Amino acid sequence: MTDISQNTKQSWSELLSSYTKTTTVRMFFLGFSAGLPLLLVLGTLGFWLREAGIDRSTIGYLSWIGLIYGFKWVWAPLVDRLKIPILSSLLGRRRSWLLMSQLLVISGLIGMSFTDPSQQVHVIAWCALLVALGSATQDIALDAFRIESADTKLQGVLAAAYQTGYRFAMIWAGAGALWIAARAQESEANVYDAKGWQIAYLCMAASMLVGLITVLCSKESQFIEKQQQHTFSAWMKVAFLNPFADFIQRYQWQAVLILSLIAVYRISDVVMGIMANPFYVDMGYTKDEVASVTKVFGVIMTLVGAFIGGGLTVRFGIIRILMIGAILSAGSNILFSWLATRGHDLTGLIFVISADNLSSGIASAAFIAYLSSLTNISYSATQYALFSSMMLLIPKWLAGFSGVFVDHFGYQIFFISTAVIGLPVLILVWLVGRQAKANEDHHNEKSFN
């Protein structure tokens with residue numbers, strides 16, 4: 001783990017210039033393509049479902065659709081090594097998987113746009129599952145594409161660009177969808193109208209063209225083009241066994257500590273996030289208010305946090321910023337507990353969203369850079385998919401019970417609980433940082449001798 005603990009500083013001018021590189025700009029647009037589907041099957045969908053009269057418990061259980069992101073490591077080896085007939089010969093392996101996954105997302109969103117959850121909630125669920133499948137597959141290919149685009153020292157910058165595009169997509173998938181739904185509906189503002197939501201989701205499907213165009217205009221990774229073909233048995237070994245064996249071999253017993261941190265680092269944010277949109281509906285906030293405050297202003301604050309986090313990881317090291325992000329993420333949830341006592345308080349909402357999204361941006365940029373630093377470029381797609389899947393598996397499963405918890409204990413206790421479950425993360429970050437420092441000292445001692 002010596003690579004993540006070293007503190008190699010760059011000048012601020014070098015840091016700023018790295019944000020203008022072609023690779024960084026391309027990652028911004030691909031980040032947009034990656035960020036668009038997530039809210040549409042979780043956050044924004046939760047607002048739509050609650051407004052349609054779906055109970056909180058059902059909304060919580062439907063969030064288990066997001067568990068598909070937690071199992072993407074299962075087919076990540078296929079994305080890493082398998083070529084898609086005809087398409088891969090035209091575009092290359094990474095771009096062909098990116099294009100196919102984006103087409104799956106578009107198909108699922110179109111299906112959702114022709115469905116009313118108050119009448120056919122099961123159809124919405126199946127279409128959302130298709131979107132999630134395409135989105136998770138896109139993440140696998142895109143994470144590998146990003147890691148292969150630059151060396152470790154620039155991963156923080158690429159992570160920041162990726163997060164920026166991701167958050168702009170979240171503005172569009174959040175605020176954009178709410179604004180379109182509010183203005184396309186034929187009934188009064190506070191009355192549920194399925195037509196507005198259906199038009200909004202059709203527009204979201206069209207917005208995935210950003211990703212399609214970027215993929216078609218990009219070049220395939222030279223590293224991928226140089227990889228050799230294998231027999232089936234050798235391919236199985238390289239695709240399924242070697243990526244996991246490589247990680248264990250490199251980190252040995254420390255792998256358990258690292259994987260434990262990955263599994264729970266974002267648990268406070270993920271568990272809390274499932275009930276955020278139902279909370280806004282229940283507190284009486286309108287679609288325009290939620291769009292303006294949480295989906296635009298809030299995402300801007302996340303962008304600020306992402307740039308701060310990306311820059312600080314390059315300048316001061318990943319572990320330090322991981323700790324800061326973990327503290328801020330858990331602490332900001334306490335503010336939601338306070339907001340739950342205020343009712344419809346727009347000023348309070350602005351304050352809470354500012355703190356929460358700034359914290360989330362810092363934590364996300366540092367965490368993505370950390371995950372990237374753990375991968376071996378020979379197995380980048382499979383290993384990163386394993387890490388990012390573990391990041392979501394436990395939090396998403398736990399979040400499925402969030403609606404039941406709120407029904408029994410209320411929003412205030414729920415938000416406090418999501419902060420408390422983030423406390424073990426601080427211990428794990430400290431242990432990982434301590435071990436990284438010990439490894440570095442040992443490496444330096446061996447080099448000196």
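So here's what we get for this one:
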item: Filter result (part of a helix (DSSP H, G or I), modelled with pLDDT of 80 or more and not aromatic (Phe, Trp, Tyr)) within segment 392-411; result: Leu393, Ile394, Pro395, Lys396, Leu398, Ala399, Ser402, Gly403, Val404, Val406, Asp407, His408
item: Subset of segment 281-296 that is among the polar types (S, T, N, Q) and modelled with pLDDT of 85 or more - its residue that is nearest to the chain's Cα centre (by Cα); result: Ser292
item: Subset tally (residues that are part of a helix (DSSP H, G or I), more than 17 Å from Ser292 (Cα to Cα) and not aliphatic (A, V, I, L, M)) for segment 174-196; result: 2
item: Every residue from segment 390-437 that is hydroxyl-bearing (Ser, Thr, Tyr) and buried (at least 19 other Cβ atoms within 10 Å of the Cβ); result: Ser402, Tyr411, Thr418
item: Number of positions in segment 355-380 that are over 19 Å from the mean Cα position of the chain (by Cα) and not aliphatic (A, V, I, L, M); result: 3
item: Of all residues in segment 30-42 being part of a helix (DSSP H, G or I) and either modelled with pLDDT under 90 or among the acidic types (Asp, Glu) (or both), the one that is nearest to the chain's Cα centre (by Cα); result: Leu38
item: Val314 out of contact with any strand residue (DSSP E or B) (no Cβ under 8 Å at 6 or more places or on another chain), of a type in the set (Val, Ile, Thr) and closer than 26 Å to Phe279 by Cβ; result: no
item: Pair list, Cβ < 9 Å and 6+ apart or interchain, from segment 80-106 residues that are more than 22 Å from Ile68 (Cα to Cα) and without any contact (Cβ under 8 Å) to a residue 12 or more places away in the chain to residues that are surrounded by 18 or more Cβ atoms within 10 Å (Cβ to Cβ) and of a type in the set (S, T, N, Q); result: Ile86/Ser96; Ser88/Ser96; Ser89/Ser96; Leu90/Ser96
item: Qualifying residue in segment 298-314 (condition: modelled with pLDDT under 85, polar (S, T, N, Q) and surrounded by fewer than 16 Cβ atoms within 10 Å (Cβ to Cβ)); result: no
item: Conditions (1) closer than 27 Å to Ala365 by Cα; (2) at pLDDT 85 or above; (3) surrounded by fewer than 18 Cβ atoms within 10 Å (Cβ to Cβ); (4) not hydroxyl-bearing (Ser, Thr, Tyr): number failed by Lys195; result: (1)
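The values are calculated or read from the model by the stated rules, or taken from the named source; none is laboratory data. All values reported here derive from a predicted model rather than from experimental measurement. No Cβ is skipped: glycine too gets one built from the backbone with ideal geometry, and neighbour counts run over all protein chains shown.
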